[in-house]
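**Q** Got a structure here, written out as structure tokens. Questions coming.
What follows is calculated from the coordinates using simple rules that are stated; it is not laboratory data. Just so you know, these numbers come straight off a predicted model, no measurement behind them. When we count neighbours, we look across all protein chains shown, and the Cβ atoms used for this are built from the backbone with ideal geometry, even at glycine.
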Amino acid sequence: MEFCAESPHWLYKRGRIGEAEAQFEKLLGSLHFKSALTELSRADKGDESENIRYVDLIRGRHSRVVFIGSTLFALQQLSGINAVFYFSWTVFKNVGVPSNFANLCVGFANLSGSIVAMTLMDKLGRKVLLLVSFIGMSVAMGLQATAASFSGPVTLYLSVGGMLLFVLAFSFGAGPVPSLLLAEIFPNKIRAKAMAICMCVHWVINFLVGLLFLPLLERLGSQILYSMFAFFSFIAIIL
């Protein structure tokens, strides 16, 4: 099946226009759902046969929605999630937690958040999950930055708690929602190339964060670096 049941596209294709409008408004907000419906209507009338070039997505009338998608993926990675996944063992090691137990805790937090997201995705809407997720991630990185200013048991609790809260919050919304949301809001005729651009941004920043995390950690210190990650999560909240 081309469209998932109860997605706006699926509803629209089956003539349930009112329900599709309600879903789009829930996903995108009252300011943007009408433009999304216009694009969907245009694609349904056959505009999908139009030859779309990558330059049209960057500079043309679709540039805004592609920019939104790319920015969402960029902020997802700049929040530091893959640095957490790649190097969480070093953080736990520094506070005396065995790496095997640390990996188990991170995996459990990731699984728990994913189950919650799966349960609430259609009930709360994508926008709410993203907002709550980035708020939790910002708070968690704030705890990590605060932990760098203390020593003793306080550091242990703040570091471990902040790390697990961050993974839990990410898997709750910022992890699964962007790919699902963008696949739903991109019109048929640009979806493949638009998603390609967004995923390119995703993996380039993923690579850079993984490459630069340890050198920046040594040069800037954990307090500044985690504050930077918290800042990017806060930017995502505002946007």
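**Q** Would you kindly identify the helices (runs of 4 or more DSSP H) lying entirely within the range 145-239 that contain at least 2 residues that are closer than 30 Å to Val97 by Cβ?
**A** It comes to 153-169, 188-220, 222-238.
**Q** Here is a further query. State all residues of the range 117-139 that are of a type outside the set (Val, Ile, Thr), in contact (Cβ under 8 Å) with a residue 60 or more places away in the chain and under 18 Å from Leu78 (Cα atoms); if no residue qualifies, say none.
**A** Across the range 117-139, the qualifying residues are Leu130, Leu131, Phe134, Met137, Ser138.
**Q** Also, quick follow-up: Quick one: would you say Met118 is among the aliphatic types (A, V, I, L, M) and surrounded by fewer than 13 Cβ atoms within 10 Å (Cβ to Cβ)?
**A** It is true that Met118 is among the aliphatic types (A, V, I, L, M) and surrounded by fewer than 13 Cβ atoms within 10 Å (Cβ to Cβ).
**Q** Let me ask you something else. Are any residues in the range 179-214 β-branched (Val, Ile, Thr) and touching a residue at least 24 places away in the same chain (Cβ under 8 Å), and if so, which ones?
**A** Passing the criteria: Ile185, Ile190, Ile197, Val201, Ile205, Val209.
**Q** Pick from the range 154-189 the residues that are surrounded by fewer than 22 Cβ atoms within 10 Å (Cβ to Cβ) and in contact with an Asp or Glu (Cβ under 9 Å, 6 or more places away or on another chain): which of them is farthest from Phe92 (Cα to Cα)?
**A** Lys189
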